[in-house]
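To start, the structure itself, in structure tokens.
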Amino acid sequence: MSLPVEKRRQWIKSRREQRKLTKYARLRRQLLRYSILVSLLALGIVAFANVRWRLCQNYDNQGIDISGNFVAKNSQIRQYLKPEIVNCPLFLLNPNELENRVEHLGIIKRAFVRRYALPCPKLKVEVLEEFPWATLYSAASPPRSVGERLNSDLASQKSVLENGAVLSKIGFGLSPHYVVAESGRLILIADFPNVFQPALKIYCDNPSKFNLLPSDVEQWANWIGYISKETHCPVLAIDMRQPHDVQVETGKFTIALGNPDSGLTRRLYRLASVLQVLANQHRELTYINLGLNSNIPIRLAKKLDKNGSEEKVSRL
């Protein structure tokens, strides 16, 4: 069936008009979308430009929020951060670099840095401090004054008279300048005077050559625990001034360990049998050498007769 010519022309014309209207409507929608997008971008740029990104205005008051530090002071942590954050926008700061700078402090084991722009620019620093394991004494430290040494000697004599314990003499004249952490890291006492100084003492000649790994600290802790368990007294000091002739001072006697290698664990197992034999004989040790594989040299305490012991007590 064919349509009349005029009617067909009107139908084609209406189709064209409809396509034009559809095209214009699509263009209007796209224009509206792009207008909204440009407005949002402009608003974002203006807001970004007006936000305070620098910490120089409130750096001393609330620019840096530090938590988790018990020994390290806030001023020390800020001092390590200050060269990087002063007059520098927050979005240009690298948190990983800031964490590495804070971890350069001897007492800081781990650091976590977060950036906050709103409601005010702020850096949040959370730190995890090292746990002390031993106190390091070195001959390179400045010697003590005569008065301090005299007071120390009098205090040592008084402790011997009151407690009857044998004090460590292997570290006489040495002063503590470092604390050894459980990770093997050395913490300078002069930088952190409030750091806890453990009762366990370690003596060495040069702290710069004293390097312990976490595995070494764990191994030494196991050896010290075994010695304390067998001797029933705490370990007071470890003398590492001779790398191949390490000595341990307990509350009763001195133990020469020799070279602290993989065979030291096996050599320590002989301590229990020696102590058992001497206990059956009612003898007391003053020195035992476990550094040899063939024999075990020992030094026994001298036996005093009744008159000699009474005379010694009377003199004290």
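What is the residue count in region 239-279 for residues that are buried (at least 20 other Cβ atoms within 10 Å of the Cβ) and of a type in the set (Phe, Trp, Tyr)?
1
Please list, ordered by first then second residue, the pairs with beta carbon atoms under 6 Å, 6 or more apart or interchain, first in region 122-135 and open to solvent by 40 Å² or more (accessible area, probe 1.4 Å), second among the polar types (S, T, N, Q) and in a strand (DSSP E or B).
Glu126/Ser67
Answer yes or no: is there a residue in region 20-37 that is in a helix (DSSP H, G or I), under 24 Å from Ala117 (Cβ atoms) and either among the aliphatic types (A, V, I, L, M) or at pLDDT below 85 (or both).
yes
So, in region 175-190, how many residues would count as being at pLDDT below 90 and open to solvent by 20 Å² or more (accessible area, probe 1.4 Å)?
Here the count works out to 3.
Restricting the search to region 221-238, which residues are of a type outside the set (Val, Ile, Thr), open to solvent by less than 20 Å² (accessible area, probe 1.4 Å) and under 15 Å from Thr135 (Cβ atoms)?
The one that is of a type outside the set (Val, Ile, Thr), open to solvent by less than 20 Å² (accessible area, probe 1.4 Å) and under 15 Å from Thr135 (Cβ atoms): Ala237.
Show the residue pairs meeting these rules: Cβ distance below 9 Å; 6+ apart or different chains; first residue within region 273-284 and free of Cβ contacts under 8 Å to residues at least 24 places away in the same chain; second residue open to solvent by less than 60 Å² (accessible area, probe 1.4 Å) and not β-branched (Val, Ile, Thr).
These pairs meet every condition: Leu278/Leu285; Leu278/Leu300; Arg283/Leu300; Arg283/Ala301.
Can you tell me how many residues within region 58-82 are loosely packed, with under 11 Cβ neighbours inside 10 Å, modelled with pLDDT under 85 and under 18 Å from Val127 (Cβ atoms)? Spell out how you get there, then give the answer.
Restricting attention to region 58-82, the residues satisfying the condition of being loosely packed, with under 11 Cβ neighbours inside 10 Å are 60-61, 67, 70, 75.
Checking the rest, the ones that are also modelled with pLDDT under 85 come to 60-61.
Add one more test, that the residue is under 18 Å from Val127 (Cβ atoms), and what stays is none.
Number satisfying all stated conditions: 0.
Please verify whether Val102 is touching a Pro at 6+ places or on another chain (Cβ under 9 Å), of a type in the set (Val, Ile, Thr) and modelled with pLDDT of 85 or more, treating the condition exactly as stated.
no
List the residue pairs whose Cβ atoms are under 8 Å apart, where the first residue sits in region 176-197 and is more than 17 Å from Ala237 (Cα to Cα) and without any contact (Cβ under 8 Å) to a residue 24 or more places away in the chain, the second is of a type in the set (Val, Ile, Thr) and not in a loop (DSSP other than H, G, I, E, B), and the two are 6 or more positions apart or on different chains.
Partner pairs satisfying both residue conditions: Ile189/Val179.
Only one of Val5, Val38 is surrounded by fewer than 10 Cβ atoms within 10 Å (Cβ to Cβ) and out of contact with any Lys or Arg (no Cβ under 7 Å at 6 or more places or on another chain). Can you tell me which?
One residue alone meets the criteria, Val5.
The values are calculated or read from the model by the stated rules, or taken from the named source; none is laboratory data. This structure is a prediction, so every number in the text was calculated from the model and none was measured. Cβ atoms come from the backbone with ideal geometry, glycine included; neighbour counts cover every protein chain shown. Ligands, DNA and RNA are excluded from the accessible area calculation, which covers all protein heavy atoms including side chains. Shrake-Rupley method; radii C 1.70, N 1.55, O 1.52, S 1.80 Å.
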